[in-house]
Amino acid sequence: METTKDNEAIGLKSVIVHYLHHWKLFLAVFLCSFIPAILYLNLYPRTYEFMARLQVQEDAGITPAGFGLGEAAGIMKSFGISGGSVGSVNIEDEISLLSSSRLMSQMIYELGLNVTYTKPFSFYKMYNSAPLKLTMDSAAMAQLEDEYKFSVSVSKEKVKVKVKNVLGKKKGKYTCPSLPARIDFDGQVFMLDFDHGASANENFRLNIRCKPASWLAEEFADDFIIEEVSKTSNIIELSCTDHVRERGKATLNVLMRKYNEDADTFKRTLDHQMLDFVDNRINGVVSELQDVEWKIEKYKTKNQLTLLESDVLFYTEQMKELELKIIEVEAESRLIKMMDDYVKNPKNKYSVVPSLLSIAEGEKGSAITLYNEALLERDRLLRNSNENNLIFKTMDDQVNSLREGVFQMIENAEKTCSETLADLKSKEKFLMDKMKSVPSQEREYVEFKRQQEILQGVYIVLLQKREETALSLGQRKEHARIIDPAFIFKKPVGPRMLFAGIGIIALTLIIPVAFLFLKDIWNGVKEEYKRTK
């Protein structure tokens, strides 16, 4: 064992001594390696790191002051819509939205990053300083599916433009006496003009590239670092690197603004849908309430009723609690029926079930909650793809499956309400049997009055929800509060002296060792060849 270790040590020493005999080669490579290091430090653009922070706000419910709901408050509480609830925030979902291709594309379009300008033989992309500007119709730009490369030469006499596309591999040449100029190529229309004070009196060349925003969105999603500060915090940090200060800060600031605008638009869309739904239901309830009130008036006139008899008041006090429960269950049954009509309406097949009708509201795993989340995910996939996409088809099948769960949930709720109502009415019948001495018209009047109270309770609930939704629409609260707008770190992240030093050391060791190793192999092969010749 010790002999083997001694042999390995001797062999390692011989290798080291062998390489030390060629110290001049190592020294020469060491000196030459300074050339690429110096080129890296001088030619690589100075790159900066940018960071921004935002805090996602929890969506708190609105509780309008001064609402005298009376007995309807019990109904509202039973449905979980009494207000004051706080919506939880899923930071992972918010990070996914921030890094989504749709938001990235909107940011790219606004900043014009899908069109890049570079000077010939330069990798430095100009930002807000290019002498030319290439534009096209916004709708056509959004539908762009190929990359177009322009080589523009401007002189006092004329402007020459060479253009080609990457996927179609088509080329074209255009000569214009002056700018602005219209360039029709491959079914696309581009407009080229001077920008930032440039004029035809200057001679220059410029390379322009126009890419679809969706292509760049993939690159930006990889370059951006979006992460949560901690598992218990609602604060998200966004960071990126760029060699242009203004562009780096603008990308972060615009992305955060687009994120807030998108959340606000989505929330307002849902609120408007809720308002339309509630308004339609209010009109129906008002019509029914007017009909019941007309029947009461007609009945009282026919039977000359002004006040209830003392015995009716006596039994009514005993039945008050029971009747309140019946009213609550009846109101619940009507709202469930509204929900059943709304969900089974073909027009609302892919519409979110309003939270007013969610009898399991607040339960994260309920069928309606899962169905609404699946619908929102389906809408997002539809905006970013098409109906033939395999992922979209899978999500569509999932939505259809969840819709059956919603139907089953509604059916179970209706069955439960029916059983509860039957039980309560059996108890009511027991008490009503004690009122045999009460004239039949008084009992009929009580039934009319109950129907009126049921409709009044539903009406107040709908008014409460409409007021909450209207107040929510009137609010201008941002979905995410910007804590730190985009700022730049003092120390650049590139070029780095450390990387240059590592490169020098790596080249100094790898190149001579590889050269000597290959040389030894070559000499060995030559000697072996001579012996076998």
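With a Förster radius of 60 Å applied to the C-beta separation of Ile282 and Ser153, the computed FRET efficiency comes to 0.30. Taking every lysine pair in the stretch 187-280 that is 8 or more places apart or spans two chains, those with Cα atoms closer than 25 Å amount to 5.
Straight Cα distances below 20 angstrom link Lys300 to the aspartates and glutamates Glu288, Asp291, Glu309, Asp311, Glu442, Glu444, Glu447, Glu453, with same-chain residues fewer than 8 positions distant left out. Put simply, the amide H of Glu147, placed in the peptide plane, has neighbours under 5 Å in Val166, Leu167, leaving out anything fewer than 5 places away on its chain. Here each label is just a point 7 Å from Cα along the line to Cβ, and for Ser351 and Arg378 those points are 1.4 nm apart. Checking the table Lys415/Lys465; Lys295/Lys325; Lys349/Lys465; Lys393/Lys477; Lys337/Lys477 against a 28 Å threshold on Cα-Cα, which pairs fail? The pairs that break the limit, which is 28 Å between Cα atoms, are Lys393/Lys477; Lys337/Lys477.
Entry for the stretch 172-323 at q = 0.13, 0.20 Å⁻¹: log10 I(q)/I(0) = -1.00, -1.33, Debye formula applied to identical alpha-carbon scatterers, no solvent contribution.
For Lys171, the aspartates and glutamates whose Cα comes closer than 20 Å to its Cα, not counting residues fewer than 8 places off in the same chain, are Glu145, Asp146, Glu147, Asp184, Asp186. Backbone phi angles across the stretch 40-55, fed through the Karplus curve with coefficients 6.51, -1.76 and 1.60 (θ = phi - 60°), yield HN-Hα couplings of 5, 5, 9, 9, 5, x, 5, 10, 10, 9, 10, 9, 8, 10, 9, 10 Hz in residue order; Gly and Pro are listed as x.
As a rough guide to protection, the peptides 347-353, 93-99, 249-255, 20-26 ranked by mean Cβ packing within 10 Å, highest first, stand as 249-255, 93-99, 347-353, 20-26. Remark: spin-label model distance Lys295-Phe515 equals 10.5 nm, labels positioned 7 Å along the Cα→Cβ axis. Trp294 contributes an accessible area of around 140 Å² to the protein surface, as traced by a 1.4 Å probe with all chains present.
In summary, the aspartates and glutamates within cross-link reach of Lys24, defined as a Cα separation below 18 angstrom excluding same-chain residues under 8 places away, comprise Asp520. Just to be sure I follow: if Rg is taken over the C-alpha atoms of the stretch 141-186 and Rh is the Kirkwood radius over the same atoms, what is Rg/Rh? Reported Rg/Rh, Kirkwood definition of Rh: 1.02.
The distance between label points at Glu227 and Lys429 comes to 6.8 nm (points 7 Å beyond Cα on the Cα→Cβ vector).
The values are calculated or read from the model by the stated rules, or taken from the named source; none is laboratory data. Since the structure is predicted, the reported quantities are computational estimates derived from the model, not experimental observations. Note that each Cβ is placed from the backbone with ideal geometry, even for glycine, and that neighbours are counted across all protein chains shown. Only protein heavy atoms, including side chains, enter the accessible area calculation; ligands, DNA and RNA are left aside. Shrake-Rupley method; radii C 1.70, N 1.55, O 1.52, S 1.80 Å.
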